[in-house]
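To start, the structure under review is shown below, and the notes come after it.
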Number of protein chains: 2
Amino acid sequence: MPLSKERVLGAAVALADAQGVEGLSMRKLAQELGVVPMALYKHVANKDELLDAMVDVVVGEIDPPAGGTDWKTAMRRRVLSARGALLRHPWTSRVMESRASPTPAVLAYMDSMIGMFRAGGFSIDLTHHAMHAMGSRLLGFSQELFDETADVGPGMDAETLRELAGAFPHITELVVAITHDQASVVGVGCDDQFEFEFALDLMLDGLERLRDRA
Amino acid sequence: MPLSKERVLGAAVALADAQGVEGLSMRKLAQELGVVPMALYKHVANKDELLDAMVDVVVGEIDPPAGGTDWKTAMRRRVLSARGALLRHPWTSRVMESRASPTPAVLAYMDSMIGMFRAGGFSIDLTHHAMHAMGSRLLGFSQELFDETADVGPGMDAETLRELAGAFPHITELVVAITHDQASVVGVGCDDQFEFEFALDLMLDGLERLRDRA
DNA sequence: TTGACAGGTATACGGCGTACACCTAGGCTA
DNA sequence: TAGCCTAGGTGTACGCCGTATACCTGTCAA
């Protein structure tokens, strides 16, 4: 089977899924395809263009807007669909952020999101603010700067734990509370999906209130 | 003047401020300091540690919590102070996101933020949700996935503009509205500071309402 | 005086993206 | 059918990167 842009993209996405985007190099990708590195350049202009195209693959997995419902549930559904795509390809958010300007596919997604607000009766100005306020959540991710439970685990002795508790009392209190909530569940950690939806609804409810006040 | 961790860090921050974090290499940094690359390794273990230390420099610029006010204005002030630091060193957010785990300084900042919620009468659970919901905004940035006015400017002919309007009608409408709002100002673009505070207040107000309901 | 050590240096390795020249097979035109 | 064009894979090489390793030199304590 000869090379093609589709084959290259597919292998690139798979490789990034498997190894993370830091592990994706033109050379490894070529090897994966049984080909010499420079062969890739007959199908993509350079690595940056490859990354852009990979983002578009993921954005293409987001469901189209649902019809026949109010703006809020339609938007909610679409955002959660985007989140699904981003969870399947966790490298995407990082790549998207590092890119200088958005790809047409991302622009089209944003455009249709704006349209959903407008159809929901939002003024242009409020729509504008809403887009900013939603920020990355529109694409189904909110960068989590730290996973509070990742660093606390079985691999830590009581001494270190006590030190941590002294240095960061509030974090400790919080982690303890979370962990107790679900003591029976294997693998401590909070319910990311719940947290995401919590913040999403907080945002959507607040925006709705602002719209109705005007 | 001999090398020192402080001199290395200072030069690294300055270089990243000037060239962006992509332009920061151990070799360029060494050259900036008039020294051979390997000399740096007597003061930092490796580039990752250097990046972590650079983040801590910026986090150190964030004002301590303001006393003598209610939780909301105290938190608002602190977040805006963080935003100031991040705006002075725009590379910081990207570096922070790319790091595997947060530095102690970042943890300490988060810890004190949690403390501010708790002092404001938030339950542990609501505090937890609040921290997730605030996400990166806690550190004064919300990743802007696209700057809607960056791509539309004097360097674009009427033909391209019409094409864009056809492909992305809602974005176009929005950009036009924004640009008209401030026709007299040089350099189109929305007021980022306003947008940030809008979203921040939306969040804080929503959280307060939840707290009072409980 | 000696010896340890802190701190700057020289060299080298493997990995990266990619420019450039080359080859080769398939298909189109004359 | 002869000639050539071109799409697509190859080989080599360049300059950049982070950093391991060995080395040198000046300072200071014993």
Inter-chain shielding of B:171-177 (mean C-beta neighbours from other protein chains, 10 Å cut-off): 5
Shielding of A:93-101 by partner chains, average beta-carbon count, 10 Å: 3
Gyration tensor (alpha-carbon) shape descriptor, the protein assembly as shown, a/c threshold 1.5: rounded
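Tell me what chain A gives for mean residue ellipticity at 222 nm when only DSSP H runs of n ≥ 4 count, each as -39,500 (n - 2.57), the sum divided by the residue total, rounded to 500 deg cm²/dmol.
Details: 10 runs with 133 residues, N = 214.
Only helices count here, giving -20000 deg cm²/dmol.
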Local net charge near A:Trp71, Cβ-Cβ under 13 Å (Lys/Arg +1, Asp/Glu -1): +2
Theoretical FRET efficiency, 1/(1+(r/R0)^6), r = Cβ-Cβ of B:Val176 and A:Lys28, R0 35 Å, to 0.05: 0.20
At 7 Å out from Cα toward Cβ: B:Ala119 inter-copy label distances (nm, ascending): 4.7
Percent accessible area from carbon and sulfur atoms, segment B:5-44, protein chains only, probe 1.4 Å: 54 percent
Quotient of Cα Rg and 2.2 N^0.38 Å for chain A, N being how many residues it contains: 1.26
Charge dipole (debye, nearest 20) of the protein assembly as shown; +1 at Cβ of Lys and Arg, -1 at Cβ of Asp and Glu: 580 debye
Choice from B:Phe194, B:Phe168, B:Phe141 showing the highest fluctuation, given a GNM over chain B with Cα pairs closer than 10 Å: B:Phe168
A:Tyr41 accessible area, 1.4 Å probe, all protein chains in place, Å² to nearest 10: 90 Å²
Accessible area that becomes buried as A packs against B, both chains, 1.4 Å probe, Å², nearest 100: 5000 Å²
Cβ neighbours within 10 Å from other chains - mean over B:163-169: 3
Ellipsoid equivalent to segment B:21-69 - semi-axes via the Cα gyration tensor, in Å: 31, 11, 9
Efficiency of FRET between A:Gln193 and B:Arg7 - r from beta-carbon atoms, R0 56 angstrom, step 0.05: 0.75
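For chain B, what is the relative contact order in percent, using Cα pairs closer than 8 Å and at least 6 residues apart in sequence?
Reported relative contact order: 17 percent.
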Segment B:7-63 and segment A:92-143: distance between their alpha carbon centers, rounded to Å: 34 Å
Cα gyration tensor, segment B:31-103 - rounded (a/c under 1.5), prolate or oblate: prolate
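The values are calculated or read from the model by the stated rules, or taken from the named source; none is laboratory data. Since this is a predicted model, take the numbers as computed values, not measurements. A quick note on method: Cβ atoms are made from the backbone with ideal geometry, for glycine too, and the neighbour counts reach across all protein chains shown. Surface accessibility is based on the protein's heavy atoms, side chains included, excluding ligands, DNA and RNA. Shrake-Rupley method; radii C 1.70, N 1.55, O 1.52, S 1.80 Å.
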